[in-house]
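Okay, so here's the structure we're looking at.
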Amino acid sequence: MTETKTAVSAASAAAAGGKLKKRRKKIQFQGYLWILPALVLLVGFCYIPPIYALIYSFTDWGFVEKISFIGLENYANAFRDTQFWGSFGNVLLFTACGLFFGNVSAIALAEMLYNMRCEKLAAVLRYLFMLICIVPGVVSTLVWERVIFLPESSPILGVANAILHLFGLPGSQWYTGSDTIRLAIILTGFPWMGGTSFLIYLAGLQNIETSIMEAGRLDGLNSWKRIWYIDFPLMKGQLKYFLMTGLIGGLQNYSMQLILQNGHSAMVPGYYIYKLGIEMVYTGDLNIYGCQGYACALGMLMFAIIMILTILNNKFLKTTEEG
């Protein structure tokens with residue numbers, strides 16, 4: 001009798017388990033249906049274009065003559081293109097300065113807001129600094145160009161040159177000068193605060209347990225030592241995120257050159273590829289390796305370079321965390 005009851009309970013348990021598995025499969029299938037639209041859009045607009053770019057990089061695609069396969073000719077020309085490789089010096093300079101000043105200013109702002117005793121004032125300041133990200137970057141760049149960095153030759157005195165004149169220093173051409181455009185691009189956006197980056201750092205600081213902060217105070221850590229020995233190690237996740245995204249975005253960025261239309265003096269790879277792939281078509285200047293196909297080849301080289309730098313950066317940060 002006992003054996004019969006045991007067999008019946010085992011059979012009922014197996015049946016219940018089978019029903020549970022079927023239910024789980026049904027739930028998973030419904031989950032796949034929910035993500036299907038996003039997956040289709042992702043593949044259609046984010047994965048297919050790079051695949052086509054890879055295919056066209058082996059052609060002489062130029063919208064003028066019939067597209068034909070030319071093998072590795074575009075890549076061979078790319079390795080001999082001194083202007084393309086020379087532009088990496090500018091983009092590395094802009095990226096390094098952007099990563100340093102952007103992260104230092106964001107961390108400094110997060111530390112100041114975190115240590116404010118008046119919570120209402122801190123909330124108001126967070127709101128004011130967040131308003132900056134609402135203003136389009138094009139607008140802020142134009143303000144810097146038309147108000148702050150007006151060249152010395154302009155009939156109207158710009159803010160930057162007015163400050164230099166107060167100290168008895170000569171003015172500068174800033175964006176229009178080949179010797180000063182790099183410095184002007186780096187200084188644009190000073191003091192590099194606002195947006196959303198400081199909020200992420202501030203959230204990282206707020207997640208640090210109060211017991212750790214109190215232990216640091218008992219050990220006699222001042223503000224600078226606390227930031228170095230407590231805040232930085234516990235915000236490695238945020239630092240890693242901004243370093244990786246800043247590196248990728250910085251190497252691809254060419255918005256300043258496009259807005260200023262003065263990319264020749266501060267040429268970067270992204271703007272060079274844009275001029276080859278877009279501007280050369282409309283101007284009819286098709287003297288450079290077939291334009292679209294050649295631009296696709298340069299884009300693939302940029303992808304490979306950024307991928308390698310991202311992997312190396314990730315490994316370096318991981319080794320630092322383990323050490």
Can you find even one residue in the stretch 199-207 that is among the aromatic types (Phe, Trp, Tyr), closer than 30 Å to Tyr175 by Cβ and in contact (Cβ under 8 Å) with a residue 12 or more places away in the chain? no
Of everything in the stretch 38-79, what is in a loop (DSSP other than H, G, I, E, B) and surrounded by 10 or more Cβ atoms within 10 Å (Cβ to Cβ)? Give them in sequence order. Ser57, Phe58, Asp60, Trp61, Gly62, Phe63, Val64, Glu65, Ile67, Ser68, Ile70, Leu72
Look through Gly249, Gly237, Gly323, Gly290 and report the one residue that is touching a helix residue (DSSP H, G or I) at 6+ places or on another chain (Cβ under 8 Å) and either closer than 26 Å to Phe100 by Cα or modelled with pLDDT of 85 or more (or both). Gly237
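For the structure I just gave you, tell me whether Asp179 is within 30 Å of Ile305 (Cα to Cα), acidic (Asp, Glu) and at pLDDT 85 or above. I'd like the intermediate steps shown before the answer.
Values: within 30 Å of Ile305 (Cα to Cα): yes; acidic (Asp, Glu): yes; at pLDDT 85 or above: no.
It is false that Asp179 is within 30 Å of Ile305 (Cα to Cα), acidic (Asp, Glu) and at pLDDT 85 or above.
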Criterion first (at pLDDT below 85 and either touching a strand residue (DSSP E or B) at 6+ places or on another chain (Cβ under 8 Å) or within 19 Å of Trp192 (Cα to Cα) (or both)) does Cys133 satisfy it? yes
Scanning the stretch 124-156 for residues that are among the hydrophobic types (A, V, I, L, M, F, W, C), within 25 Å of Ala110 (Cα to Cα) and in contact (Cβ under 8 Å) with a residue 60 or more places away in the chain gives Phe129, Met130, Leu131, Ile132, Cys133
Whether any residue in the stretch 40-52 is more than 20 Å from Phe303 (Cα to Cα) and at pLDDT 90 or above is what I want to check. yes
Quick one: Ser265 ticks every box in (1) more than 25 Å from Glu279 (Cα to Cα); (2) at pLDDT below 85 bar one, so which box is it? (1)
Counting only residues that are surrounded by fewer than 19 Cβ atoms within 10 Å (Cβ to Cβ) and among the small types (Gly, Ala, Ser), the stretch 80-101 contains a total of 3
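The values are calculated or read from the model by the stated rules, or taken from the named source; none is laboratory data. Because the structure is predicted, anything quoted here is derived from the model rather than measured. Please note: Cβ atoms are built from the backbone with ideal geometry, for glycine as well, and neighbour counts cover all protein chains shown.
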